[in-house]
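These notes are about the structure you will find just below.
The values are calculated or read from the model by the stated rules, or taken from the named source; none is laboratory data. These numbers were taken from a predicted model, which means no experiment stands behind them. FYI the Cβ positions are ideal-geometry reconstructions off the backbone, even for glycines, and counts take in every protein chain you see. The protein model used for the area step is the full one, side chains on, heavy atoms only, and it has no ligands, DNA or RNA in it. Shrake-Rupley method; radii C 1.70, N 1.55, O 1.52, S 1.80 Å.
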Amino acid sequence: MAGQKRGMRWLLAGLATAVFSGCVSVPDAIKGTSPTPQEDLVRVMNAPTLYVGQEGRFGGKVVDIKNQQGKTRLEIAAVPLDSGARPVLGEPSVGRIYADVNGFLDPVDFRNQLVTVVGPITGTAEGKVGDAPYKYMVMQANGYKRWRLTQQVVMPPQPVDPWFWGPGPRPWHSGLGGWGWYPPEPARVETVVTE
């Protein structure tokens, strides 16, 4: 009986860890002032004048950066954001934006980096992507967060032997085969976006 209780405690602790590690919050730097900043760039670009003055939060890869008098303009290839306002890896770009940040940002620190920006949408601007004309959404970035990529090992679910639970020795349990046993999958390495 004591072994079952101990096993159940381990199981519950593992479930609690899995549930709480899935909770992600938006970092303070990009929370913004609105409870729900606009994050749908396609919707904004379909009627940009309707969204001027509203707070937006967008993120993606910085493809260009221009230092201007008193501000820095980030050109961002925007992608969808996850629940923690991080750019979702592997998603195609939904469009390009210009995010104006007050002050100087060093291009070396931002070019080809993942960022999320938040602030009021100020309109649109004509520009080019390569030689093709392009209409950019423009915003004043009152907050920004630069993300980094890291790799983590993801363990697959491990087999559970139904004869493992419970007190006492099991002379019939070899641990190497029988009902309920299957070979485990190999671990895999995933790239994730982190602070």
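Among the residues of the range 49-71, those identified as under 14 Å from Ile97 (Cβ atoms) and either open to solvent by less than 30 Å² (accessible area, probe 1.4 Å) or among the basic types (Lys, Arg) (or both) are Gly56, Arg57, Phe58, Gly59, Gly60, Lys61, Val62, Ile65, Lys66.
The residue list Ser93, Ser83 contains one member that is within 23 Å of Glu126 (Cβ to Cβ) and under 15 Å from the mean Cα position of the chain (by Cα), which is Ser93. Taken residue by residue, the range 7-14 has no member that is modelled with pLDDT of 95 or more and over 18 Å from Gly143 (Cβ atoms). With respect to the stated conditions, Arg148 fails to be at pLDDT 95 or above and charged (D, E, K, R).
Does Gly22 satisfy being over 21 Å from the mean Cα position of the chain (by Cα) and at pLDDT below 95? No; evaluated as a whole, the condition is false for this residue. Taken over the range 133-156, the criterion of being among the aliphatic types (A, V, I, L, M) and over 18 Å from Val42 (Cβ atoms) is satisfied by Ala141, Leu149, Val153, Val154, Met155.
Yes/no matrix, rows are residues, columns are (1) open to solvent by less than 50 Å² (accessible area, probe 1.4 Å); (2) at pLDDT 75 or above; (3) in contact with a Gly (Cβ under 7 Å, 6 or more places away or on another chain); (4) closer than 30 Å to Ile65 by Cβ:
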site	(1), (2), (3), (4)
Pro92	no, yes, no, yes
Leu105	yes, yes, no, yes
Asp109	no, yes, no, yes
Glu126	no, yes, no, yes
Lys135	no, yes, no, yes
Ala141	yes, yes, yes, yes
Met155	no, yes, no, no
Trp181	no, no, no, no
